[in-house]
Amino acid sequence: MARYNPAAAEPKWQKAWAEKDCFAAGRHSERPKYYVLEMFPYPSGKIHIGHVRNYAMGDVIARFKRARGFDVLHPMGWDAFGLPAENAAMQTGGHPKDWTYGNIEVMREQLKRMGLAIDWTREFATCDPEYYVHQQRLFLEFLKKDFVERRESLVNWDPVEMTVLANEQVVDGKGWRSGAPVERKSMSTWFFKITDRAEDLLDALDDGRLQGWPAHVKEMQRNWIGRSEGLMMSFPLSGDDLPQDKLPIYTTRPDTLYGASFLGVAPDHPLAKHFADQDPDCAAFIAECQAQGTSEADIEKAEKKGYRLPVTGRHPFTDEELPVYIANFILMQYGTGAIFACPAHDQRDLDFARKYDLNVIPVVCPPDADPSSFEVADEAYVGPGSMMMSGFLDGLPAEEALPAAIKKIEEMGWGEGTTNYRLRDWGLSRQRYWGCPIPIIHCDTCGAVPVPDDQLPVSLPPIDASEFKTPGNPLDRESTKSWREVPCPKCGDMARRETDTMDTFVDSSWYFARFASQPEAAPVEKAEADAWMPVQQYIGGIEHAILHLLYARYFTRNLKDCGYTDVSEPFTNLFTQGMVTHATFKDAEGNWLFPEQVDVKGKQAFAVDGGAEVAVGPIEKMSKSKKNVVAPEAIADAYGADAARFFMLSDSPPERDVEWTDAGVEGAWRFANRVYETVAKGEGVLNAKTPMPTELSDDLMALRRTTHKTIEGVTGDIEHFRFNKAIARLYEFLGACKNLKTDGDAAPVAAEALGALTQLTAPFMPHLAEECWGLLGGEGLCTDADWPEVDEALLSEDVVTLPVQVNGKRRGEIKVAPDAAEDAVKEAALSQADVARFMEGKTVRKVIVVPGRIVNVVAG
RNA sequence: GCGGAUGUGGCGGAAUUGGUAGACGCGCCAGAUUUAGGUUCUGGUGUCUUAUGGCGUGGGAGUUCGAGUCUCCCCAUCCGCACCA
């Protein structure tokens with residue numbers, strides 16, 4: 001008998017699906033809609049195995065939902081702007097555009113080879129002017145609605161990428177992509193005012209709107225937004241020639257105001273700068289602080305240091321004059337960049353106070369301590385307690401003193417209770433070529449003027465490839481002068497086009513909406529967008545837990561306010577899949593080796609070329625630099641796309657990392673062949689359409705039961721993203737079909753079983769399933785067939801086997817009817833031979849019967 | 001330091017509400033097929049043991065007829081955030 005031949009079958013069925021337009025969305029208006037989306041890929045060159053895992057998951061859902069009667073939208077596109085294209089251009093002498101579109105061509109073909117159920121008619125790349133023209137429209141609408149503004153501010157400058165980064169893109173003080181230490185620079189750039197939506201972005205995490213999100217992703221966003229309740233207040237300052245007469249501070253502990261012993265400002269606070277201009281020592285101190293690293297280790301060993309300024313602040317309650325210091329542990333970016341310090345109840349303040357010999361006044365007395373003698377030594381007390389040495393607050397529990405202190409400060413007119421967020425506005429300007437141009441013209445008279453709608457898109461000017469050999473933004477150079485110098489749309493005088501482009505995270509903040517609806521004249525058409533949105537299942541990597549997912553949530557709210565959708569949360573259910581890992585190999589010289597250069601024998605490994613021993617390193621995320629990668633095409637050539645897809649979902653739960661092994665994919669390959677061979681025994685059984693007899697032998701009934709239990713199990717598993725369990729069930733079911741007969745009464749039973757086996761396998765191995773469907777004589781395409789129905793009556797057994805325990809240990813088993821009376825079960829259990837043997841010399845104290853589960857005899 | 005998770009055979013991992021621990025796959029062992037290797041197929045495979053026995057879910061206690069699952073304490077690993085006032 002012929003074996004299954006994926007090399008022939010896979011292209012054949014891909015062609016058949018394409019010819020029938022099977023996966024075009026929106027063709028079944030009568031069906032409920034379902035939108036499943038995987039995070040679209042960056043066209044970096046080739047598809048890697050991690051993509052295969054990601055898209056295989058989405059594809060299982062798409063095919064499953066389709067078979068379950070949904071009109072499914074499952075699109076694909078390209079997150080195509082970005083710096084790697086410019087870097088590649090710099091290295092190869094090419095153009096970012098050619099590099100990007102070339103990669104897209106390659107990767108599209110690779111993806112198509114995977115046999116994904118994708119509506120390719122909706123494909124686009126974010127670098128297509130037909131896409132980014134709408135992004136420019138949105139930007140200008142946001143500008144009108146005051147969602148975006150231009151401001152001069154300190155920005156994070158990445159000296160390697162030569163561009164500004166958003167706070168989210170700075171990791172440990174370094175650029176997220178380049179790894180270079182980020183510099184602080186003052187520049188005039190555009191900001192999305194995401195902080196205006198901080199509260200709603202946070203509330204949605206907790207009020208059930210994001211129930212389908214993993215808790216840890218929500219937690220990460222919660223921490224990132226970083227809400228705190230506190231008091232914003234100003235201390236009046238005294239001193240000579242001050243730039244400000246008050247110092248605004250933010251605190252979450254206004255209850256400890258009586259414990260204040262000094263005020264502090266950040267090294268880059270305006271007040272500090274003011275004194276630095278006239279005092280070289282002060283300037284030197286600030287320079288020293290700025291040289292201080294921000295990595296974990298740096299912070300750990302960084303000593304608390306300060307510089308006393310010739311100024312004092314007056315305490316609101318005591319009128320005492322508090323000294324003002326520049327302190328190296330205060331951050332300009334948080335709150336107001338200034339604090340009041342209460343050393344007794346804050347460790348940093350305490351360290352500082354001890355060093356500079358400042359007062360330590362305990363004002364919160366721990367519950368078990370005596371207020372007349374309580375003191376703080378080297379450890380600040382941060383626990384609960386009642387107020388002491390605190391005037392009108394004395395005796396109150398700290399949690400009551402807090403609002404009381406705020407109320408008092410508000411009455412005095414010195415400040416007010418506020419909510420503060422760690423989240424800061426999203427700087428979107430990038431000084432790069434390969435991005436969406438910001439549609440603004442700068443005029444000396446009129447300022448920043450929006451490009452009129454009839455002049456959109458502002459397209460990227462054609463640039464000679466040689467320009468990319470020079471680092472920096474070519475849009476800013478001589479060669480693009482004619483593009484850059486244009487008349488002001490308002491006054492007609494010569495003006496300059498904005499040369500910054502948008503952060504590429506803007507591109508991915510609304511692409512999902514554009515997939516749903518793609519009119520020519522607007523970003524989306526509302527009714528059509530809302531028919532699909534929100535994305536009901538979004539799938540992607542955990543690395544986007546904050547950046548992309550937070551930005552997309554924010555952007556969708558803007559879209560809603562602009563009337564493009566009724567949706568404010570774009571992704572109802574989020575699934576974050578694990579990575580694909582692989583062992584690493586190094587030769588004697590310490591060079592990394594590709595897996596195909598290594599012959600693994602047990603725990604040892606040898607070079608294919610020469611046979612020298614190779615060191616087997618840890619199993620790590622696949623990366624080009626460590627060469628622990630496998631090419632999806634090579635796998636598809638050897639085993640077929642189905643086997644690759646199947647293996648990626650079979651071993652580990654999808655949220656966990658999975659290790660790629662050749663043995664694993666071979667197992668998937670074996671499975672495919674065994675399914676094919678098993679199905680081949682029932683050639684034509686579906687076509688015969690033999691009616692199911694009313695009476696069946698025990699064997700055949702058992703197979704029917706197994707079939708329906710498997711349908712039920714696999715259905716539930718897919719719905720709950722338990723792909724590894726669904727696959728385990730398929731293996732079991734295959735085993736149950738091994739010796740099946742196909743003649744006489746057995747024919748309809750075999751048709752049911754093999755039909756189900758084929759259909760349940762289809763979301764995972766769609767090409768194999770079509771081939772099997774054809775063999776069985778199924779009608780049309782397996783892809784178009786309705787998902788098999790469960791016959792509830794077949795889920796229960798006539799006889800169940802119950803384990804019987806004696807004193808909690810399993811001693812035997814009995815067979816009873818599932819609805820047998822408790823007394824009958826007890827009697828059967830006690831009379832069972834093995835059980836009886838263990839009961840010798842003991843008396844029964846109690847018999848616990850859990851119907852359908854277990855019997856436990858308590859004896860002594 | 002703060003927050004979140006995880007811990008089960010040689011390995012990846014299964015185990016509804018607390019109810020037969022180790023499904024399924026990989027690996028390994030034995031056998032069959034094959035000239036041989038590979039492939040394929042069949043059977044076995046937690047551990048100790050003379051066993052129709054004992055022990056077993058990171059460690060320790062507890063609740064319960066019964067705990068991988070619940071409670072408390074401890075240990076380890078991973079992830080995220082981090083001088084956030």
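The values are calculated or read from the model by the stated rules, or taken from the named source; none is laboratory data. Quick caveat, the model's predicted, so the values are computed rather than measured. When we count neighbours, we look across all protein chains shown, and the Cβ atoms used for this are built from the backbone with ideal geometry, even at glycine. The accessibility values were calculated without ligands, DNA or RNA, using every heavy atom of the protein model including side chains. Shrake-Rupley method; radii C 1.70, N 1.55, O 1.52, S 1.80 Å.
Computed values, structure above
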read-out	value
Unmet criterion (only one of (1) within 29 Å of A:GLU712 (Cβ to Cβ); (2) part of a helix (DSSP H, G or I); (3) of a type outside the set (D, E, K, R); (4) open to solvent by less than 60 Å² (accessible area, probe 1.4 Å)) for A:VAL835	(1)
Pairs with Cβ under 7 Å, 6+ apart, first in the range A:146-162 and under 20 Å from A:TYR433 (Cβ atoms), second part of a strand (DSSP E or B) and open to solvent by 70 Å² or more (accessible area, probe 1.4 Å)	A:VAL155/A:LYS185; A:TRP157/A:GLU183; A:TRP157/A:LYS185; A:PRO159/A:GLU183
Options A:ASP717, A:ASP699; residue that is out of contact with any Gly (no Cβ under 6 Å at 6 or more places or on another chain), in a helix (DSSP H, G or I) and more than 10 Å from RNA strand B (Cβ to nearest atom)	A:ASP699
Cβ pairs under 6 Å, 6+ apart, first in the range A:221-239 and of a type in the set (D, E, K, R), second more than 9 Å from RNA strand B (Cβ to nearest atom) and not in a strand (DSSP E or B)	A:ARG222/A:LEU205; A:ARG227/A:LEU202
Residue pairs meeting the criteria (Cβ under 7 Å; at least 6 apart or on separate chains; first closer than 22 Å to A:GLY175 by Cβ and near RNA strand B (Cβ under 9 Å from one of its atoms), in the range A:291-310; second open to solvent by 90 Å² or more (accessible area, probe 1.4 Å) and modelled with pLDDT under 80)	A:THR294/A:ASP172; A:SER295/A:ASP172
Qualifying residues in the range A:330-357 (those that are open to solvent by 30 Å² or more (accessible area, probe 1.4 Å) and more than 30 Å from A:VAL170 (Cα to Cα)) - the one nearest to RNA strand B (Cβ to nearest atom)	A:LYS355
Odd one out for A:TYR433 among (1) part of a loop (DSSP other than H, G, I, E, B); (2) within 24 Å of A:GLU141 (Cβ to Cβ)	(2)
Residue in the range A:87-105 that is within 24 Å of the chain's Cα centre (by Cα) and surrounded by 17 or more Cβ atoms within 10 Å (Cβ to Cβ) present	yes
Conditions (1) open to solvent by 10 Å² or more (accessible area, probe 1.4 Å); (2) out of contact with any Leu (no Cβ under 8 Å at 6 or more places or on another chain); (3) modelled with pLDDT of 90 or more; number of the one not met by A:ASP368	(3)
Looking only at the range A:581-624, and only at residues there that are under 35 Å from the mean Cα position of the chain (by Cα) and charged (D, E, K, R), the one that is farthest from A:GLU659 (Cα to Cα)	A:LYS586
Residue, surrounded by the fewest Cβ atoms within 10 Å (Cβ to Cβ), within the range A:633-653, restricted to residues that are under 18 Å from A:GLN577 (Cα atoms) and out of contact with any Ser or Thr (no Cβ under 9 Å at 6 or more places or on another chain)	A:PRO653
Options A:VAL182, A:VAL265, A:VAL217: the member that is β-branched (Val, Ile, Thr), under 29 Å from A:GLY578 (Cβ atoms), surrounded by 14 or more Cβ atoms within 10 Å (Cβ to Cβ) and within 14 Å of RNA strand B (Cβ to nearest atom)	A:VAL217
Among the residues listed as A:ALA516, A:ALA531, the single one being open to solvent by 10 Å² or more (accessible area, probe 1.4 Å), among the aliphatic types (A, V, I, L, M) and modelled with pLDDT of 95 or more	A:ALA531
The lone exception for A:LEU231 - which of (1) within 9 Å of RNA strand B (Cβ to nearest atom); (2) farther than 16 Å from A:ALA327 by Cβ; (3) at pLDDT below 90 it fails	(3)
Candidate set: the range A:111-125, residues that are of a type in the set (D, E, K, R) and assigned to a helix (DSSP H, G or I); chosen: the one farthest from A:GLU10 (Cα to Cα)	A:ARG122
Residues satisfying the stated conditions in the range A:654-674, i.e. open to solvent by 10 Å² or more (accessible area, probe 1.4 Å) and either in contact with a His (Cβ under 9 Å, 6 or more places away or on another chain) or at positive phi (or both)	A:GLU659, A:THR661
Residue list for the range A:198-214, filter: under 18 Å from A:LEU559 (Cβ atoms) and open to solvent by 40 Å² or more (accessible area, probe 1.4 Å)	A:ASP200, A:ARG209
Residue match in the range A:582-596 (condition: under 30 Å from A:THR195 (Cβ atoms) and either surrounded by 13 or more Cβ atoms within 10 Å (Cβ to Cβ) or modelled with pLDDT of 80 or more (or both))	no
Looking only at the range A:838-850, and only at residues there that are open to solvent by 80 Å² or more (accessible area, probe 1.4 Å) and more than 9 Å from RNA strand B (Cβ to nearest atom), the one that is farthest from the chain's Cα centre (by Cα)	A:GLY841
Helices (runs of 4 or more DSSP H) enclosed by the range A:720-814 - at least 1 residues per element that are open to solvent by 50 Å² or more (accessible area, probe 1.4 Å), within 23 Å of A:PRO654 (Cα to Cα) and within 11 Å of RNA strand B (Cβ to nearest atom)	A:723-736
The range A:434-469, subset of a type in the set (Gly, Ala, Ser) and touching a His at 6+ places or on another chain (Cβ under 8 Å), residue least open to solvent (accessible area, probe 1.4 Å)	A:ALA465
Selected residue (criterion: modelled with the highest pLDDT) from residues of the range A:474-513 that are open to solvent by less than 60 Å² (accessible area, probe 1.4 Å), more than 36 Å from the chain's Cα centre (by Cα) and of a type in the set (Gly, Ala, Ser)	A:ALA495
In the range A:815-832, the residues that are within 52 Å of the chain's Cα centre (by Cα) and outside any loop (DSSP other than H, G, I, E, B)	A:LYS815, A:VAL816, A:GLU822, A:VAL825
Residue within the range A:54-73 that is surrounded by fewer than 18 Cβ atoms within 10 Å (Cβ to Cβ) and of a type in the set (Asp, Glu) present	no
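Yes/no matrix, rows are residues, columns are (1) of a type in the set (Asp, Glu); (2) in contact with a helix residue (DSSP H, G or I) (Cβ under 9 Å, 6 or more places away or on another chain); (3) farther than 24 Å from A:TYR511 by Cβ:
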site: A:ALA117; (1), (2), (3): no, yes, no
site: A:VAL133; (1), (2), (3): no, no, no
site: A:LEU138; (1), (2), (3): no, yes, no
site: A:LYS144; (1), (2), (3): no, no, no
site: A:PHE147; (1), (2), (3): no, yes, no
site: A:VAL164; (1), (2), (3): no, no, no
site: A:ARG184; (1), (2), (3): no, yes, yes
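This table checks each residue for (1) of a type in the set (Lys, Arg); (2) in contact with a helix residue (DSSP H, G or I) (Cβ under 7 Å, 6 or more places away or on another chain); (3) at pLDDT below 90; (4) within 20 Å of A:PHE352 (Cβ to Cβ).
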position	(1), (2), (3), (4)
A:LEU202	no, yes, no, no
A:GLY259	no, yes, no, yes
A:ALA284	no, no, no, yes
A:CYS289	no, no, yes, yes
A:GLN292	no, yes, yes, yes
A:ASP298	no, no, yes, yes
